[in-house]
Amino acid sequence: MTDAAVPTARPHRASLLADDARMKRRKAAETRFRLYGLSAIAVSLATLAIMLWTIFSDGVSAFYQAKLTFPVTLSSDLLDPMGNGNRDEMVKVTTVGYNKLLTRAFEAELAAKGIDTGELSNKDVNALISKDAAGDLRAMVLANPAVLDTTITAKMLAAGRIDGYLKGRVTMQTAERDGQISPEQLQFADRLIDAGILSSQWNWDFFTNPDASDQRPEAAGLGVAILGSLYLMILVAVMCVPVGVAASIYLEEFAPKNRWTDLIEVNISNLAAVPSIVYGILGLAIFINFMGFPQSSTLVGALVISLMVLPTIIIATRASIRAVPPSIRDAALGVGASKMQMVVHHVLPLAAPGILTGTILGLATALGETAPLLLIGMVAFVDNYPSAPVEGFLDPATALPVQVYGWAQRADPAFIERSSGAIIVLLAFLVVMNVAAIILRRKFERRW
Amino acid sequence: MTVFLLLCLMLVLAVAAFVVCRARALALSGGKIGVLHSLPGYYGWHGAIMVLLPGLAVLLVWLVVQPMVIESRISATLPAELTADDSARALAMADVRRLAAGLDVAIAAGSVTVDASGTPQIAGSGTMREALAEAGVALAEDVSPQILTAAQAYRGLSATGAAWRALAVLAAALAGFALAVRMTEPELRARNRVEGVVEGLLMAASTIAILTTVGIVWSMLSETFNFFSMYPAADFFFGLTWSPNFRGDSELGFIPLLWGTLYISLISMLVAVPIGLFAAIYLAEYASPAVRGWVKPLIEVIAGIPTVVFGLFALVTVGPLLRDYFAEPLGLGNSGSSVMTAGIVIGILNIPFISSLADDIINAVPQALRDGSYGLGATKSETVRQVIIPAALPGIVGAVLLAASRAIGETMIVSMGAGAAAKLDLNPFEAMTTMTVKIVGQLTGDTDFASPETLVAFALGMTLFVITLGLNILALYVVRKYREQYE
């Protein structure tokens, strides 16, 4: 190459202030690139917003429930045939007897208020009362036999379809194609609303009731699931935190650098990435089949989840132990403390806020974990509350996220509402835990 | 004496040992603590440990050994027709155990009484089964006399065993107590001994990680071998049909599940990688600190939401949306759950994972590289494309591999959004299924751990474990190798 090859003609020389064509292209590319970035962020935040919005709009209505309010006279002729108020004898009256009483009272109230039942048969009219109502009434009377022969204002669950009608899920069009409800019944429900008998009310039962069968979405609640999740959290905290902290202290402060320690390190980082379902298989094979722990129990669930979150907690704890400056250790050792005293008296108290924050975040992940619990049988239908600890840890229970999954699998769309409502409760717990972690971090954060 | 009571007693003994040993050390020091090797509290702890350690060790060994001894002695007394082979023997022993436990309950409830020789007698009239049912113990069939005799022997041996156990444990604890008191001398290096034990406990805690891995591998490996002894491995790994049938002769081909898993993961990566990567680039290179401070935590909120919530989102919102606006107008099917649904939602779940990993990696690229590029007149986007991305590429590849491993192992979203039909199909709007869905499907509900239809879940789990482990190790290797480059 010689200099002669260089073109001698000066190219078009643009002003520094005005962009030439190439510069314009480059600047356009720059703007486009920036837009790609912005739109990526917009898309992710928008999907987050849409997801939360759909869940909330589907789920908020689960906290309200259609109820029928009418006076019921608890005549002892029907409920206490022996007439002596003895609870053991009253138990023999089944829900069928209570149902008779309820429907009679309902019909009497309709007649008293002069509400036109149209062409509906009595059976169709009474179908508006939930099949669970008689059981509720029975439980109430048996809990307090003194109410016999008084007239109470009963607030009874309305049937699931009527609840759906009040919430806009069931319409005249869907009712025409529905075997469980007819448009005439809905028109009748309208008249009940006008008469003040049927109304939508705050639903405490959603937090306290156990699960209900496929046919009775209106009675299904989160009681067992919340209790089960609470037991899980207690057990995971009790099992996981001491072991996690002990392992972290050993690895950070005592462990010699050798093959064995390396093996532990590799194991921890790999376990943190093992799919959660694999832990479920481990729980099923070892804790249930091999050790014979009871299926569906919170103890097995907690063991599995503890093993699963242990790596997370160890990683967080080690980070906060490492953040304690070496000068503190040197000072403690310098005045004659043993290594163990240095750790227990100085390093641990200084690392405690960080450990606590990491632990709360670890427990928050544990609270939302579903897959391993499915395999150890916590997805089974449980409508008995587990008993109080310690025996209660061996009783079958379910957990909040598993209940979400269980309800989502059912055919009746009313359960999708329940499922979304359960997610709102779950997210509320998660928000509380995360906010607690953030506040703790802000409060105790220390820069060395 | 129950184990719980035994533990309580040992705790009381330990407290007593603490008090006694500490007091003895103080008394021996004669008021001058300086003559003691350790602080007085350490002598107390030393005493407590000397009680607990031997007591717990004996208890643990006893709890493991006693059932084995009793089982072997009882099964030797069972008639030969009940113990013809291993499974019959296990079944008979399970009956014996259940009956023995039932007898305990029934005796406590009073529906069965015990006569002077310890033989259970039915309190009312009727069979043993009815007597047990009265106490709330349900048995499938009435009790055969051989099993009843064995159950009585079982109860007898267990009771004797429990008595000896209590004696042995308390003897060990008391011996430790006495030894600790004798050892408490000013010269005893109590602190070193206590700290040695504590360090041992810390080390034991850290080995749980190894035990977990061993547990995972062992639990799946043994059942996987069982499975392959019933079902040929070649048919499993290369079979093209998945149709389990609990009446037998099922076809358990793994390829359709692998295809579903990989297809869904591919779609999820197509969603997550561009969005996550561009979000990370924007946050790292363009965003002002204020915007970054707000947007980064907001994106990470996605990572904190439980996967079952994404599952419901896929089931209720994304699935019907894709079906009504894409699949049906395009004539590609009418299924709400599809590869596309699950893939997109897993992609959303993985966005924060990729973006925060990529953000860290991009921030780790030295500022000097950027400055050099700007100095040559490159624009920001040219710097990102031609300098930063190539420099960060190995790390980004590692992040993508980690995200892929998460997508492959994801369970809840695919169980709720992908469907249950195992198919080999290219249409992304068709319902397909994955390994994780089938693990859940085969292991929930009624399971029979002797049939290949149940055991196949362990083979699937093992395969899943190997695949994700391989991806993780590869990713960590790549990330670690290239992180050193700039340090």
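The values are calculated or read from the model by the stated rules, or taken from the named source; none is laboratory data. In this text the structure is predicted, and so the values were computed from the model without any measurement. So basically every Cβ, Gly included, is an ideal-geometry build from the backbone, and we count neighbours across all protein chains shown.
Annotations for the structure displayed:
- Just one residue in the set A:Pro242, A:Pro256 is within 12 Å of chain B (Cβ to nearest Cβ), assigned to a loop (DSSP other than H, G, I, E, B) and surrounded by fewer than 16 Cβ atoms within 10 Å (Cβ to Cβ); that residue is A:Pro256.
- The C-beta contact set for region B:257-269 (first residue over 14 Å from B:Phe429 (Cα atoms), second residue of a type in the set (Gly, Ala, Ser) and outside any helix (DSSP H, G or I), distance under 7 angstrom, 6+ apart or interchain) comprises B:Leu257/B:Ala422.
- Tally, over region A:403-425, of residues that are under 15 Å from B:Phe313 (Cα atoms) and either of a type outside the set (D, E, K, R) or touching a strand residue (DSSP E or B) at 6+ places or on another chain (Cβ under 9 Å) (or both): 15
- Helices (runs of 4 or more DSSP H) within region A:316-418 that include 3 or more residues on the phi < 0 side of the Ramachandran plot, β-branched (Val, Ile, Thr) and touching a residue at least 24 places away in the same chain (Cβ under 8 Å): A:348-368
- Test result for A:Asp132, touching an Asp or Glu at 6+ places or on another chain (Cβ under 8 Å), at pLDDT below 85 and closer than 19 Å to A:Gln215 by Cβ: yes
- Comparison of B:Leu240, B:Leu257, B:Leu266 shows that the only residue that is outside any strand (DSSP E or B), within 18 Å of B:Leu443 (Cα to Cα) and among the hydrophobic types (A, V, I, L, M, F, W, C) is B:Leu257.
- Candidates B:Ile210, B:Ile275 - the one that is within 9 Å of chain A (Cβ to nearest Cβ), of a type in the set (A, V, I, L, M, F, W, C) and surrounded by fewer than 18 Cβ atoms within 10 Å (Cβ to Cβ): B:Ile210
- If the condition is being assigned to a loop (DSSP other than H, G, I, E, B), within 11 Å of another protein chain (Cβ to nearest Cβ) and closer than 21 Å to B:Trp218 by Cβ, then region B:438-462 contributes B:Thr447, B:Phe449.
- Identity of the residue in region B:287-297, within 30 Å of A:Ala422 (Cα to Cα) and exposed (fewer than 15 other Cβ atoms within 10 Å of the Cβ), that ends up farthest from the chain's Cα centre (by Cα): B:Trp294
- Residue within region B:245-252 that is out of contact with any Lys or Arg (no Cβ under 9 Å at 6 or more places or on another chain), in a helix (DSSP H, G or I) and exposed (fewer than 14 other Cβ atoms within 10 Å of the Cβ) present: no
- Of the criteria (1) within 24 Å of A:Met291 (Cα to Cα); (2) in contact with a Gly (Cβ under 7 Å, 6 or more places away or on another chain), which one B:Arg22 fails: (1)
- Restricting the first member to region B:70-90 and to residues that are in a loop (DSSP other than H, G, I, E, B), and the second to residues that are polar (S, T, N, Q), the beta-carbon pairs closer than 9 Å and six or more apart or on different chains are B:Leu78/B:Gln146; B:Pro79/B:Gln146.
- Top-ranked residue in region A:410-438 [being more than 10 Å from chain B (Cβ to nearest Cβ) and closer than 22 Å to A:Ile321 by Cβ; ranked as surrounded by the most Cβ atoms within 10 Å (Cβ to Cβ)]: A:Ala437
Yes/no matrix, rows are residues, columns are (1) within 14 Å of chain A (Cβ to nearest Cβ); (2) more than 27 Å from A:Val404 (Cα to Cα); (3) out of contact with any Phe, Trp or Tyr (no Cβ under 7 Å at 6 or more places or on another chain):
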{"residue": "B:Val316", "(1), (2), (3)": "yes, no, yes"}
{"residue": "B:Arg323", "(1), (2), (3)": "no, no, yes"}
{"residue": "B:Ser356", "(1), (2), (3)": "yes, yes, yes"}
{"residue": "B:Ile361", "(1), (2), (3)": "no, yes, yes"}
{"residue": "B:Glu382", "(1), (2), (3)": "yes, yes, yes"}
{"residue": "B:Pro390", "(1), (2), (3)": "no, yes, yes"}
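- Residue within region B:180-195 that is among the hydrophobic types (A, V, I, L, M, F, W, C) and farther than 14 Å from B:Arg22 by Cα present: no
- Hits in region B:220-237 (condition: in contact (Cβ under 8 Å) with a residue 12 or more places away in the chain and either touching a helix residue (DSSP H, G or I) at 6+ places or on another chain (Cβ under 9 Å) or in a loop (DSSP other than H, G, I, E, B) (or both)): B:Met220, B:Leu221, B:Glu223, B:Thr224, B:Asn226, B:Phe227, B:Phe228, B:Met230, B:Tyr231, B:Phe236, B:Phe237
- The number of residues in region A:264-301 being part of a helix (DSSP H, G or I), more than 11 Å from every other protein chain (Cβ to nearest Cβ) and buried (at least 24 other Cβ atoms within 10 Å of the Cβ) comes to 3.
- Among helices (runs of 4 or more DSSP H) entirely within region A:21-126, having at least 2 residues that are under 26 Å from A:Ala159 (Cβ atoms) and out of contact with any Ser or Thr (no Cβ under 6 Å at 6 or more places or on another chain) singles out A:21-59, A:76-79, A:95-113, A:122-126.
- Residue match in region B:172-190 (condition: exposed (fewer than 15 other Cβ atoms within 10 Å of the Cβ) and within 13 Å of another protein chain (Cβ to nearest Cβ)): yes
- Single residue of region A:366-392 satisfying the filter (more than 8 Å from chain B (Cβ to nearest Cβ) and at pLDDT 90 or above) that is nearest to the chain's Cα centre (by Cα): A:Ala366
- Residue that is surrounded by the most Cβ atoms within 10 Å (Cβ to Cβ) [pool: residues in region B:408-428 that are assigned to a helix (DSSP H, G or I) and at the interface with another protein chain (Cβ under 7 Å from one of its Cβ atoms)]: B:Met412
- The lone exception for A:Gly334 - which of (1) more than 11 Å from every other protein chain (Cβ to nearest Cβ); (2) buried (at least 18 other Cβ atoms within 10 Å of the Cβ) it fails: (2)
- Tally, over region B:152-211, of residues that are of a type in the set (Val, Ile, Thr) and either in contact (Cβ under 8 Å) with a residue 12 or more places away in the chain or in contact with a His (Cβ under 7 Å, 6 or more places away or on another chain) (or both): 5
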